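Have a look at the structure below before the remarks.
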């Protein structure tokens, strides 16, 4: 059974090379919205005959956009880029690294996974020069370096992950038109939010749209909920201890946050489609309930 699962995961990976002579979306030097000096500088880096393998989470339309960007790097340097992805990319990167066939670059959104791979000696540190560049050029400086710094299998600290993108979370989306029609006001406190939930239910509606589906990574949006609830019910130092594994998942503070989310996600009256739809709904489809 294990072999079948591994083969299935490996087979799901898509590995496609970018065309050698790509048609660039924007002709270099013409559109002033871009810093073309970076492109010109890359021309000084001769990588002809080399192959760069990149593994990331983007598929479908997003993959097309990523390939559009990578084409410029390929055009400037002469390197052949092979981009691959998988629906279960968190599991796939573990399989590939442990099998001794990792990509040159992996794009991963989980610092915990990167930390685990580094601790097993499966990653190559980026070096002090890269860490210094991030510190000098990122607004939050050292804090970004710290996010990518982990210990290797010998316990030696190193800079393994270059943070290049951050997503804003902790947002609650709603339809202003629907609120205006129903006479609802946007809550400003947790207590007001609870009262609004009761009003929506009394009016025959469902307060929340939740989708936790994400293939082999199903459930990860729930961690965002719990993290946000932790930040709202505990002090920052308690949250930091949780991140550092200084308090366990069965600590009362963590259990309380999980219980708060659970009361919403398991209540048929609270969620669009009912509790059974929470895990079955793809996270990208959850807004459709609005």
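The values are calculated or read from the model by the stated rules, or taken from the named source; none is laboratory data. Just so we're clear, the structure is a prediction, and the values are computed from it rather than from any experiment. Virtual Cβ from ideal backbone geometry, glycine too; neighbours counted across all protein chains shown.
Here's the yes/no breakdown for (1) modelled with pLDDT under 95; (2) assigned by TED's automatic domain parsing to the domain that holds residue 138; (3) touching a helix residue (DSSP H, G or I) at 6+ places or on another chain (Cβ under 7 Å); (4) closer than 19 Å to residue 109 by Cα:
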position: 197; (1), (2), (3), (4): no, no, no, no
position: 201; (1), (2), (3), (4): no, no, no, no
position: 209; (1), (2), (3), (4): no, no, yes, no
position: 216; (1), (2), (3), (4): yes, no, yes, yes
position: 220; (1), (2), (3), (4): yes, no, no, yes
position: 231; (1), (2), (3), (4): yes, no, yes, no
position: 238; (1), (2), (3), (4): no, no, yes, no
position: 249; (1), (2), (3), (4): yes, no, no, no
position: 261; (1), (2), (3), (4): no, no, yes, no
Any pair with Cβ under 8 angstrom, 6 or more apart, that starts in the stretch 147-167 at a residue that is outside the structural domain of residue 243 (by TED's automatic domain parsing) and ends at one that is loosely packed, with under 13 Cβ neighbours inside 10 Å and not in a loop (DSSP other than H, G, I, E, B): 149/157; 150/157; 151/157; 159/128
